[in-house]
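No value in this document is a laboratory result; all are computed from the given coordinates. What you see is a predicted model, and the numbers here were worked out from it, not measured in a lab. Methodologically, a virtual Cβ is constructed for each residue, glycine included, from the backbone with ideal geometry; neighbour enumeration extends over all protein chains shown.
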Amino acid sequence: MKRHNRAALAVAALALVIPVSGCASLLSPHQTAEYHYNGGDGASGSVGDVEVRGLMLITDKESSGPAQLFFTLINKGDSTAKVSIEVADTTVSESVKAGDTFVQDPMSPETSSKEVVTVDSLEAEPGDLVDITVKNGSEEKVIETQLLTDVLPYYDEYVPSDAPSESPSDMPSEDAGAAEGTAAANG
């Protein structure tokens with residue numbers, strides 16, 4: 001009787017192991033789609049030896065003005081990469097030395113350019129996916145990124161203005177007005 005119990009127990013154990021191991025094979029990377037997670041704002045991709053990160057456009061809520069373009073280029077190659085980024089009628093070209101990073105974000109302390117890159121004739125509504133063509137030498141890739149707006153308060157400062165804003169040095173200060181009044185009073 002003991003031999004029959006052991007044999008039955010072995011068959012039951014085998015019956016449990018086979019379905020479980022079959023389900024585990026469904027999770028192998030050969031049978032599932034690969035998904036690349038963008039761990040931050042903007043889209044990402046690779047064009048040759050250059051990685052593109054944080055690729056995004058920000059405009060106002062109504063999409064009535066221009067959009068500002070942001071991106072980071074990381075050259076993982078052994079030679080200087082000549083990269084161009086095209087969206088609507090705007091093209092930006094940058095040379096990134098081997099092992100270097102280029103950051104297009106005028107507000108960032110790591111920025112490589114204090115110049116704001118704006119896209120004026122963007123025909124998209126807030127939330128739409130916009131095709132951005134990134135070229136690295138003879139290689140080319142289209143990366144889709146979402147047109148974001150200042151609905152979220154932390155994007156407020158990134159909406160480009162149509163008119164140049166006054167810098168604090170252009171505006172008269174209260175101290176300057178008080179000094180003028182004191183000088184006039186003292187003759």
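Here's the picture: a label point sits 7 Å out from the Cα of Lys114 along the beta-carbon direction, and within the range 87-106 the residues with their amide nitrogen under 14 Å of it are 105-106. Once the C-beta distance of Ser161 and Asp78 is scaled by a Förster radius of 41 Å, the resulting FRET efficiency is 0.50 to the nearest 0.05. Distant-in-sequence amide contacts of Asp128, defined by a placed amide H-H separation under 5 Å and a gap of 5 or more residues or a different chain, comprise Leu147.
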